[in-house]
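Worksheet: the structure to be examined is printed underneath.
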Amino acid sequence: MNILGIESSCDETAASVYSGGKILSNIIASQAIHEQFGGVVPELASRAHHKTIWQTVSQAIKEASVTMDQIDAIAVAQGPGLMGSLLVGLSFAKGLAISHDKPLIGVNHIDAHMYANFIEHKEVYPFIALIVSGGHTRLVQVIKPFNHKVLGQTRDDAAGEAFDKIGKILNLSYPAGPVMDKLSQTGDPDFHSFPRSMINKGLDFSFSGLKTSVLYYTQEKGEKFVQQNLNDICASVSAAITDVLATKLKRAVISNNYPHMMLAGGVSANSMLREKVQILAAEQELNLMIPSIRYCTDNAAMIAVTGAIKAREFSFDSLNIKPFARMSGD
Ligand code: KG4
Ligand code: ZN
């Protein structure tokens, strides 16, 4: 099957063609406009999606060397995400499906982050997944395709949100996650011990206390000190976030005794987290799935591959599917 994937849930307009286990194209148009505001402005995101979606999808089709006639189904991100942004992608996908007489597959964006792993890894079940993105931090038990049980989640900020908000305190550009990752690589993770909230208990997460702690720390030390020790502070913050994530993942895999585990979402691009989880996998003798960096952050290849798995397991969706901003339990 040739599947066209379309993603527009936040600030990336993306399109991809997936065919028989291979990604034929993976186009991502990022929206630079939000940088000046230090975060995503929903109305500007919708307008930017509107402006670029046609060109992005056309480019994905062209680079895949297929025609619309050769596309068997259109998979599109249905939610969670920004309502206005989702509406642009979903409406576009519906229009394309109607005009070319193609079936539609609505894809859950969070599921897609997980199933992105099956672009490069063998599809295996059951597994424990740690999904860490800008909007979500979840530990999930996946028994078989689309049979998920949430084991734990954040009670306040998501891990990516923590990186971004702390980055703002440190005057870093948005999104701060990748910037902090880079600076951390030449910093000392033991420079300062920031709090690791709820690390000793359960599978839920909390990152808002860390953000407050960094704020007080920078206020107390002053701007000059922060600038002079920026790499060490970034490394210490990254250590605090990734220690909590890796510890909770370890607790979940030990209590479930599954042979496979995976990392997914934008924060799975983080080098310190990847390293800690690799060590955990070796220690516990587990099969670890982590996507290549290009499939960690938002992309449409993950929508296309998830659409292919969903179409295999269930039937296609109706053209009446509606976008949803939140998932139940959020
Ligand atoms: O999955 P994603 O692209 O979008 C959402 O679904 O939210 O994740 C974006 C998040 C942002 O918060 C960004 O700062 C974070 O992922 N991120 C990183 C890294 N790359 C992206 N955080 C830490 N280290 C990175 N290398
Ligand atoms: Zn995402």
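Filtered by the rule that a residue be open to solvent by 10 Å² or more (accessible area, probe 1.4 Å), in contact (Cβ under 8 Å) with a residue 60 or more places away in the chain and closer than 16 Å to GLU120 by Cβ, region 260-294 gives HIS260, ALA269, ASN287, ILE290, SER292, ARG294.
Here ILE98 fulfils each of the conditions (1) part of a strand (DSSP E or B); (2) surrounded by fewer than 22 Cβ atoms within 10 Å (Cβ to Cβ); (3) among the aliphatic types (A, V, I, L, M) apart from (1). Do the conditions hold for THR154, that is, is it open to solvent by less than 10 Å² (accessible area, probe 1.4 Å), within 15 Å of ligand 2 (Cβ to nearest atom) and either under 28 Å from VAL305 (Cα atoms) or touching a Gly at 6+ places or on another chain (Cβ under 7 Å) (or both)? So THR154 fails the test.
In region 1-40, how many are assigned to a loop (DSSP other than H, G, I, E, B) and either under 18 Å from ILE74 (Cβ atoms) or within 15 Å of ligand 1 (Cβ to nearest atom) (or both)? Here the count works out to 10. Would you check if VAL305 is open to solvent by less than 10 Å² (accessible area, probe 1.4 Å) and more than 30 Å from ILE105 (Cβ to Cβ)? In short, no.
Taken as a whole, the structure places GLU7 among residues that are at pLDDT 95 or above, open to solvent by less than 30 Å² (accessible area, probe 1.4 Å) and of a type in the set (Asp, Glu). For beta carbons closer than 7 Å, sequence separation of 6+ or different chains, a first residue in region 1-15 that is within 16 Å of TRP54 (Cβ to Cβ) and β-branched (Val, Ile, Thr) and a second that is part of a strand (DSSP E or B) and open to solvent by 10 Å² or more (accessible area, probe 1.4 Å), the qualifying pairs are THR13/ALA29.
Entry remark, region 123-151: residues being more than 12 Å from ligand 1 (Cβ to nearest atom) and either open to solvent by 30 Å² or more (accessible area, probe 1.4 Å) or assigned to a loop (DSSP other than H, G, I, E, B) (or both) number 13 in total.
Against the definition (outside the structural domain of HIS136 (by TED's automatic domain parsing), open to solvent by 20 Å² or more (accessible area, probe 1.4 Å) and within 26 Å of ILE290 (Cα to Cα)), how does LEU24 come out, yes or no? Here the answer is yes, as LEU24 does meet what is asked.
Listed by position, the helices (runs of 4 or more DSSP H) inside region 215-330 whose residues that are within 16 Å of ligand 1 (Cβ to nearest atom) number at least 2 are 230-256, 271-284, 301-313. Figure legend. Inter-residue proximity from region 165-187: first residues of a type in the set (S, T, N, Q), second residues surrounded by 21 or more Cβ atoms within 10 Å (Cβ to Cβ), beta-carbon distance below 6 Å, spacing 6+ or different chains. Indicated pairs: SER184/CYS234; SER184/ALA235; SER184/SER238.
The values are calculated or read from the model by the stated rules, or taken from the named source; none is laboratory data. Remember, predicted model here, so these are calculated numbers, not experimental data. Cβ: placed from backbone, ideal geometry, glycine included. Neighbour counts: every protein chain shown. Note: areas computed on protein heavy atoms with side chains; ligands, DNA, RNA excluded. Shrake-Rupley method; radii C 1.70, N 1.55, O 1.52, S 1.80 Å.
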